[in-house]
Amino acid sequence: MRTIMRGLVIVWALALMCLAGCSSSGGQAGAGGGGKESKQKPAAPEKGSEKAAQPAAASTEKKADWPRDGSQEKPLQVMLIPADGGTEEGTLKDFQPIFNAVTKTSGLHFNIKVGQSYGAVVEAQANGQVDVGFFGAVSYLQCKERGGAELLAVSVEKGSSVYYSGIFVPKASPVQSIADLKGKSMAFGDPNSTSSFNYPMAMLLDGGVDPVKDLGKIVMAGSHVNSLKACAEGKVEACAASFDSLEKAINQNQIPADALRPLKKSEPIPNPPLAMHPKLPAAIKEKLKNAFRDVHKAEGVTPDMIRGYGGKKCDRYDVDYPESEFLKAVEKLDKVDKIKSEVLAKAAQK
C-alpha cells in the first residue's frame, strides 16, 4: 500500500501550489502564542495566590495544544475534497446539512470549505490547518501516512458503506469493451481521486490497455463532473467518474440523462470517509465520534439532514468502520502508482 505514496512527487508539488490558493480565510492555521516558558525562577507568590495562578497556567498550556476548540469563536476547520467541482452546488452543499445537524446536537461549530484539489486537502490537514477532512480512500491513506488523519466516520446508505467507480462512453459509441479504448481519448478527474482516476486506471490495465501507450489522449478534467461533461459534450471518447457523481450530474441537469452509458463498473469501494486530525484533543475527538454516531436519531434532526457523498441521503454514519477495508481497497492500485507520473506527463502534452 505504501507504494501508492511514492509516485506523487508531481502531484504533491501541484498540491502545495493549490494550497496557497485554496480558501482558508480567518488565518486560524497554526497554534498562535505558545512561546517557551522562562526557566528563571519566579518570585514567590503572595499567600493565597498560588492556587489562583495554577488554573491560568494550565489554561495557557491547553490552548497551545490545539488552536481550535469548536466554539463559535474558534470553530473546527473542515475541508472537503472537490469531488464534484467544489462549487456551492457541489461538495459544499452536499455536506452542509450533516455538519449543521452535528452542531445542533453536539454544540461543536464548524467552518466548512472546499479545497482546490485533493492534494490541497491532504496538505492542509497534514499541516494542522484542518481539523476534519472529507477524503477519498486514496487521499485518506495519503494523509494518514503523513500523520494527519484518523478515521472519524463513513456514511451508510441502504445498509451499505460502498460505492462504485466507472468508465463511461457516449451512448452511441461503438466502443463495447475496455480493449476498444485503444487509440481513444479519455477524461479523468483529480489524480488523487479514488474513483475518477485510480480505479479507472486499474480497470484499464486489467483490461489490457496501457493508459500511457494505448490511449490516444488523456485529459485531466479535475473533477468527476468535469470528466463526465467532457465526454457528454463530445470532447473525449470516454471518461472516468463514480456512479454517484453520474447520478448527481444527471439530477442537476449538468449532462443529459441519455448522454452516457457505463462501459465498466468497478468492484465495491469503501465510501469516502471523514477523518479528523490525530492531534485534536481527546475530548473533542470523542465528542465528534459520539455526535456522528448518534446524529441520525437525535431529537430535532430530520432525515433530510443526514447526507453524505454526492448529497445523497444516508441511514446513518458508522464510526466503527474497519480501517482494513481501506487498505484492501488500495492494494490493487500499486500498479497504477508505477505509471502515474507518466500518465500525468502524457496528459500535459498538447
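The values are calculated or read from the model by the stated rules, or taken from the named source; none is laboratory data. Worth saying up front: this structure is predicted, and the values here are computed from it rather than measured. Backbone-built Cβ (ideal geometry, glycine too); neighbour counts: all protein chains shown.
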Count of residues meeting criterion [crowded, with 24+ Cβ neighbours inside 10 Å and either closer than 21 Å to Ser160 by Cβ or out of contact with any strand residue (DSSP E or B) (no Cβ under 7 Å at 6 or more places or on another chain) (or both)] in region 235-245
4
For region 295-321, which positions are among the acidic types (Asp, Glu), touching a strand residue (DSSP E or B) at 6+ places or on another chain (Cβ under 9 Å) and farther than 25 Å from Glu150 by Cβ?
Asp304
Checking Ser223 against (1) closer than 18 Å to Tyr140 by Cβ; (2) buried (at least 17 other Cβ atoms within 10 Å of the Cβ); (3) modelled with pLDDT of 95 or more, which test does it fail?
(3)
Only one of (1) touching a residue at least 24 places away in the same chain (Cβ under 8 Å); (2) surrounded by 15 or more Cβ atoms within 10 Å (Cβ to Cβ); (3) in a helix (DSSP H, G or I); (4) in the same structural domain as Phe110 (by TED's automatic domain parsing) fails for Tyr321. Which number is that?
(3)
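Identify, from the list Ser155, Ser106, the residue that is within 16 Å of Ala291 (Cα to Cα) and either of a type in the set (Phe, Trp, Tyr) or buried (at least 23 other Cβ atoms within 10 Å of the Cβ) (or both). Before the answer, list the steps.
Numbers: Ser106 fails: either of a type in the set (Phe, Trp, Tyr) or buried (at least 23 other Cβ atoms within 10 Å of the Cβ) (or both).
Residue meeting the stated conditions: Ser155.
Based on this model, can you work out whether Gly166 counts as surrounded by 19 or more Cβ atoms within 10 Å (Cβ to Cβ) and of a type outside the set (Val, Ile, Thr)? Quick ask: steps written out before the conclusion?
On the way: surrounded by 19 or more Cβ atoms within 10 Å (Cβ to Cβ): yes; of a type outside the set (Val, Ile, Thr): yes.
Taking the combined requirement at face value, the residue satisfies it.
Give Pro82, Pro97 a once-over and let me know the one that is more than 20 Å from Cys143 (Cβ to Cβ), in contact with a strand residue (DSSP E or B) (Cβ under 6 Å, 6 or more places away or on another chain) and either modelled with pLDDT under 95 or not acidic (Asp, Glu) (or both). Reasoning before the result, please.
Values: Pro82 fails: more than 20 Å from Cys143 (Cβ to Cβ).
Only one candidate qualifies: Pro97.
Criterion first (touching an Asp or Glu at 6+ places or on another chain (Cβ under 8 Å), β-branched (Val, Ile, Thr), buried (at least 24 other Cβ atoms within 10 Å of the Cβ) and on the phi < 0 side of the Ramachandran plot) does Val122 satisfy it? Reasoning before the result, please.
Numbers: touching an Asp or Glu at 6+ places or on another chain (Cβ under 8 Å): no; β-branched (Val, Ile, Thr): yes; buried (at least 24 other Cβ atoms within 10 Å of the Cβ): yes; on the phi < 0 side of the Ramachandran plot: yes.
It is false that Val122 is touching an Asp or Glu at 6+ places or on another chain (Cβ under 8 Å), β-branched (Val, Ile, Thr), buried (at least 24 other Cβ atoms within 10 Å of the Cβ) and on the phi < 0 side of the Ramachandran plot.
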Answer yes if at least one residue in region 214-222 is part of a helix (DSSP H, G or I), in contact with a strand residue (DSSP E or B) (Cβ under 8 Å, 6 or more places away or on another chain), hydrophobic (A, V, I, L, M, F, W, C) and not assigned by TED's automatic domain parsing to the domain that holds Gly90, and no otherwise.
no
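Among what's in region 293-330 and is acidic (Asp, Glu) and over 19 Å from the mean Cα position of the chain (by Cα), pick the residue that is nearest to Ser195 (Cα to Cα). Spell out the reasoning first.
Within region 293-330, the first condition is being acidic (Asp, Glu), and the residues that meet it are 294, 299, 304, 315, 318, 320, 323, 325.
The next check asks that each one be over 19 Å from the mean Cα position of the chain (by Cα); those that pass are 294, 299, 304, 315.
On the way: Asp294: 29, Glu299: 35, Asp304: 26, Asp315: 22 Å.
So, considering only residues that are acidic (Asp, Glu) and over 19 Å from the mean Cα position of the chain (by Cα), the one nearest to Ser195 (Cα to Cα) is Asp315.
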